[in-house]
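See below for the structure under consideration.
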Amino acid sequence: MLRTNDDPRALRSRAAALAAATELLVEGGPENVTHATVAKRAGIGRATVYRHWPDQQALLLDALAGDVRPLLAFDDSPVRDQLVSQAEQMAHRLNQPSAVSILATVIQRAERDEDARRIREEMFGRADEDLTRALAAAVERGELRPGAQEHAR
């Protein structure tokens, strides 16, 4: 994950390459994300892709990181309603081949790669924090009795 300078062309080529890498990841899994396939899809030179990402691992991890979305997100509405809604949304997302591919790749690579481990922890750690905050808010609003959030773990 190299930093790009502020050159608008470099920023555009990087954005195009990341969008292409994410599309390729969704369509064909991690093996589909190579410098050559990304360059072709993005309409840029392979050397440009290498300039941003010196190896396939860095390219794949940036594509994975770009597609990581929070697993849970809560607002001020009743927690029960949100849990039901988010469980339905998560089930829908996890039935998408792209989500399965991305999650499986992150989990598998996290065992041996620090960047993938960071992405995994960001995904699941954020979900844990969000759920903890939502349950605490539900206790404060009287939706749950005190101590209920400890039993949920």
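Of note:
A quick yes/no check of all residues on (1) more than 19 Å from the chain's Cα centre (by Cα); (2) among the small types (Gly, Ala, Ser); (3) within 30 Å of residue 139 (Cβ to Cβ); (4) open to solvent by 50 Å² or more (accessible area, probe 1.4 Å):
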site: 23; (1), (2), (3), (4): no, no, no, yes
site: 33; (1), (2), (3), (4): no, no, no, no
site: 62; (1), (2), (3), (4): no, no, no, no
site: 90; (1), (2), (3), (4): no, no, yes, yes
site: 94; (1), (2), (3), (4): no, no, yes, yes
site: 102; (1), (2), (3), (4): no, no, no, no
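- Yes/no for residue 87 being at pLDDT below 85 and part of a helix (DSSP H, G or I): yes
- Complete set of residues in the range 36-60 that are at pLDDT 90 or above and either in the same structural domain as residue 100 (by the TED database) or open to solvent by less than 10 Å² (accessible area, probe 1.4 Å) (or both): 38, 39, 49, 53
- Residue 81 being under 30 Å from residue 144 (Cα atoms) and either of a type in the set (Asp, Glu) or within 16 Å of the chain's Cα centre (by Cα) (or both): yes
- Sole exception among (1) among the hydrophobic types (A, V, I, L, M, F, W, C); (2) out of contact with any helix residue (DSSP H, G or I) (no Cβ under 7 Å at 6 or more places or on another chain); (3) surrounded by fewer than 16 Cβ atoms within 10 Å (Cβ to Cβ) for residue 127, by number: (3)
- Residue check: residue 122 meets all listed conditions (1) in a loop (DSSP other than H, G, I, E, B); (2) under 12 Å from the mean Cα position of the chain (by Cα); (3) of a type in the set (Asp, Glu) but one, namely (1).
The values are calculated or read from the model by the stated rules, or taken from the named source; none is laboratory data. Not measured: the values here are computed from a predicted model. In this analysis, Cβ positions are derived from the backbone assuming ideal geometry, glycine residues included, and neighbour counts consider all displayed protein chains. What goes into the accessible areas is simple: the full protein's heavy atoms, side chains included, and nothing from ligands, DNA or RNA. Shrake-Rupley method; radii C 1.70, N 1.55, O 1.52, S 1.80 Å.
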